[in-house]
Amino acid sequence: MRVFTRVLLLFLATLGCARAQDLPTGPEYLLKDPAHDPAWADLFAQLAPNRARQSQFEERRYFPFRKTPVVLKGEIRIVPARGLSLRYLEPEHRILIVDARGLLMRDDEGRERAAPADSRAQAITSALVSVLRFDLPALEKSFAVHGRRDGAAWTLAFVPLEPTLSEFVGVLAVSGQNGRLDRIEMVKSPTQRIEITITGTRENVIFPGDVLERFFR
Amino acid sequence: MGLLAFAAGCAIWLGRLDFRQKISTNVLDLIPAGEQAPELALIRGFANDVQAKVMLFALDDPSAPNVPPAAAAKRLVEELRKSPAFAEAVVMGDTAAQDALGRQIYEHRFELLLPSWLGKHEREFAATGQAREKFPAWLAERSAAELEAFLSRPEAAAMQGLAERDPLLLVPGLALRSQGLTAPGATAGGNALVWARITVSPLSEEGQGPVFAAVDAAFATVRAAFPGVHVRWTGINRFAAASRARIESELRLLNLASLVAVLGVSCIFVRRIYKILHLVPVIGLSLLGAWTLSTLVFERLHILVFVIGSLLAGVAIDYGFYIYMQPSERPDEPYAHKLRRLLKPLLASCLTTVIGFSLLLFSELPLIRQIGLFVGAGLLCALGAAMLYFAQLERPMLEGRQFGRLDAGRNHPSVRKALRGLFVVALLVALIGPWLLHWRDDIRQLDVPSADLRANEAAVRALFGEGSNGAIYLTQGKSVGEAREHLEDFTAYQAKLNPKGSTASLGLLLPTESDWQAMPARLRELGSFDHDFRAALENHGFVADSFLPFFTAFEKLRSHPSGGEYSGVAKMLEGMLAGPLALLGNFHGPAFWFLTVVEQPAGAPVPAEFHTVEVSQLESLNGLFTRYRWSALRLSLIGLGLVIASVFAIYPPRRGIRIALIPAGSCFFVFGLLGLAGQTLNLFNLLGAFLGVCLSHNYAIFSSDNATAHTAPPVSIRLSALCTAASFGVLGFSRIPVIHALGMTVALIVVTALLAVELEPLARRRR
């Protein structure tokens, strides 16, 4: 059951891109009250998934025992009322759904496997869903939020407050330009991390019923 | 004196009985303990000894619907563990326990998982037809390729640390294969789940009262500490207790209703109703005799025998009515003379019925054997008691109201024609209707339905991940090794049937005995594997040196391969298991088995060669019940044949035909009617028909003289038949399917037979 928890954490960390050494995790970047920080409030409002979106993604998994990263490609769909859906197209077809009920894996034949309902998995799932939704009041309960802006570019780093969460997730970081999310990263160490680059985002997508049924629950 | 001694003897025997031990409410006790099919016996044992002791609890907090109340669940477990009624209790999804098991499996991966891994790859290599010496290089390349492919899976990110130490993917591979077993709890939403096992059978009193008390106490403690938490729970003992309560309640209600119905009918036909009390000792002695003999002969009886057996009163009362209501030939006729006069129809009626019921003793189904003995013994006791009891009375005569025959228009040919037409229609119904009958055999009809508990159970079990599209199978063998070999064959069979489906089994944690024995030799053949695997890893983009701990451990194993007895490995695995996982296999004789979860609904039965059976146990026994129904039908028909043959031996052919046709015709007419109405019948309709035929047989015999003399049937027959129809008709309203089937069938047949007895002489031309 831990597998699901870890998978969830690792996949959700795929919403941004910043090299590990560049993450703004120092005290100078700590946002004490991000929800009410006028420098960030407008960005959070833009990033909050209040519109249906679809993007392409490329995920790079770095392992300490591999010379090159493993590359996976696919599509991300976000529907505010339903959650997030990752559709892997390469190297294998697979769907990963993250929503308020937790994590669900679905294969091409429609077979599903849900993440466990144990308290640890629930806590982690809950925290990561909050990241995904940029739900700041909830995020502040589980993470210290750090941020850095450089012109139109911005980076947010979420450092877990709980050691358990930290052990599973490492640091979660998201970055982009203006109101657009470009990269997600989950960094446990320089050699052990996942980066997801997001491209081709389309906003206000209207998903037909069969698409919603296939990619969400 | 004799009657008193008999009653005292029976009372002493019954008074000393431990009824809780003697009487079973377990539906599975209706299946023969020594059922020939071993897998059915195995399921019976599994359901009784393992599955039945499990209790499931789901806790939720309505004020925080998405957050499982884990602390409350933990507290509940602590409280349940304090009670001696519970052997164990665990919080599902307890990561500490899972992590501990994971660590143990990892530590013993070379004993538990490597033999199977080596065996599987060796067989795949053999299929390539390559030279044997190329195996290490082939295995190295294959392992590196599998590791690379694994890293593309979603699960890889979660298991990367493990993969580094275990590049052969022994443990990650197991984790992926075992997801079907670890799924429980995954669908729990905001519920915290607790799994518990009680110490004694849930079907015994100790498995109910004390367990419920412990549960109540634990709930009280939990609610005091966590006031908002709501608990749902289920267990076989809840069903057993509800079933017993329902049967007891129905017994009281139906018996009371039957009594009222019988009294109502009696009031119509009997002048001095209080005199009917003289029939009570006859019925009482009949039931007493039946209870005593049944408990003497059978070690354990199902409660349904007594429920159905209470209907014996309806048959037993016939003899009392017939003797008691028979007018004397002359005012000073002695009782002995009167009895001699009635002896032939009484014995013909009783003994032929007893012969019929005695045949049920040859049934394969214990319940039918028990009913056969109970009713047979009860009838003999009823006849004996009636003959002896009324001898004690100074003037044994119950005056009845003779309403005369329904023959107001007996001299009108049109009435006769109409009646003949009616009989022709009845004949057509009897000949055609039975072919339209549908039979449905479902063991659950033996159980007492409890809709609320079933809905609750379905909801709780769904939270535990049960009731999904998958199927559960049980594979057995005479030893752990044999069970594991059969499991290997079964999983290969499943893989062929459903190549993309997932199959999970505790047994897959254990190597087959042949792979275990072959491992040392196989390891010796892998002399160059270390070198080959390093090279293959580098070729596939890995840093081979990262896997140094694996290479060290593997080389150590090759130098000193694991040895020892196969039973030792099984014992080691068994020692690691606790809670629900421990119930997924049985490592102790006489039956060794493993459960397998297949992500595919059960299809056709598994061929016998795999020694595997699907474990939706109750449904899978329905086929068995079809067999029992045919057996009961065969016995009933033989019994009917014997009864008819006995009648022809006693009576002249013309009267014999009438006596045989009335019960048989009534029975087939009722089945015909039910067939035309599209009713679905079961084994117990058949048993009811048998009982109805025996009763009708009595009426045909007792009215035989009157029919010949063209006089109205004796009032005793009308009274008896209407009392029986009323009391069985009441049973037709029972919510217990078995009782309903019996009551409805008997009442319809008896009413039909009475109508036949009344109308048949009117349809004949008076000579």
Next item on the list: Could you tell me which residue of segment B:202-233 is nearest to B:ASP60 (Cα to Cα), considering only residues that are surrounded by 15 or more Cβ atoms within 10 Å (Cβ to Cβ) and small (Gly, Ala, Ser)?
Entry: B:ALA218
Margin query: Between B:PRO327, B:PRO331, which is closer than 29 Å to B:ALA261 by Cα, out of contact with any Ser or Thr (no Cβ under 9 Å at 6 or more places or on another chain) and surrounded by fewer than 16 Cβ atoms within 10 Å (Cβ to Cβ)?
Written below: B:PRO327
Checklist line | Spans of helices (runs of 4 or more DSSP H) in segment B:633-738 with at least 2 residues touching a Phe, Trp or Tyr at 6+ places or on another chain (Cβ under 7 Å) | finding: B:653-676, B:683-702, B:715-731
Next item on the list: Look through B:LYS82, B:LYS134 and report the one residue that is surrounded by fewer than 16 Cβ atoms within 10 Å (Cβ to Cβ) and closer than 26 Å to B:ASN191 by Cα.
Entry: B:LYS82
Next item on the list: Identify all residues within segment B:495-529 that are more than 14 Å from chain A (Cβ to nearest Cβ), hydrophobic (A, V, I, L, M, F, W, C) and either farther than 22 Å from B:GLU111 by Cβ or surrounded by 15 or more Cβ atoms within 10 Å (Cβ to Cβ) (or both); write none if there are none.
Entry: B:ALA495, B:LEU497, B:LEU506, B:LEU508, B:LEU509, B:LEU510, B:TRP516, B:ALA518, B:MET519, B:LEU523, B:LEU526, B:PHE529
Next item on the list: Under 6 Å between Cβ atoms, at least 6 apart or on separate chains: pull out the pairs that start in segment A:56-74 with a residue that is within 23 Å of B:PRO167 (Cα to Cα) and more than 7 Å from chain B (Cβ to nearest Cβ) and end on any residue that is of a type in the set (D, E, K, R) and assigned to a strand (DSSP E or B).
Entry: A:ARG60/A:GLU195; A:TYR62/A:ARG193; A:PRO69/A:ARG60; A:PRO69/A:ARG61; A:VAL71/A:ARG60
Note to self: Being part of a loop (DSSP other than H, G, I, E, B) and not hydrophobic (A, V, I, L, M, F, W, C) is true for just one of B:ARG395, B:ARG416, B:ARG369. Which residue is that?
What the structure shows: B:ARG395
Item checked: Checklist (1) over 11 Å from A:PHE216 (Cβ atoms); (2) more than 7 Å from chain B (Cβ to nearest Cβ); (3) modelled with pLDDT of 80 or more; (4) surrounded by fewer than 20 Cβ atoms within 10 Å (Cβ to Cβ) applied to A:ALA81, failing item -> (1)
Next item on the list: Among the residues of segment B:738-764, write down those that are within 22 Å of B:LEU681 (Cβ to Cβ) and among the small types (Gly, Ala, Ser).
Entry: B:ALA741, B:GLY743, B:ALA747, B:ALA753, B:ALA756
Next item on the list: Please work out which residue is farthest from B:ALA149 (Cα to Cα), limiting yourself to segment A:93-114 and to residues that are of a type outside the set (A, V, I, L, M, F, W, C) and within 7 Å of chain B (Cβ to nearest Cβ).
Entry: A:ARG101
Item checked: Selection from segment B:56-68 of residues that are more than 21 Å from B:GLY235 (Cα to Cα) and surrounded by 24 or more Cβ atoms within 10 Å (Cβ to Cβ) -> B:PRO68
Checklist line | Tally, over segment B:530-539, of residues that are touching a residue at least 60 places away in the same chain (Cβ under 8 Å) and within 9 Å of chain A (Cβ to nearest Cβ) | finding: 1
Item checked: All positions within segment A:179-210 that are free of Cβ contacts under 8 Å to residues at least 40 places away in the same chain and either within 14 Å of chain B (Cβ to nearest Cβ) or not basic (Lys, Arg) (or both) -> A:LYS188, A:PRO208, A:GLY209, A:ASP210
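The values are calculated or read from the model by the stated rules, or taken from the named source; none is laboratory data. On a predicted model such as this, the values are computed, not experimentally measured, just so you know. Methodologically, a virtual Cβ is constructed for each residue, glycine included, from the backbone with ideal geometry; neighbour enumeration extends over all protein chains shown.
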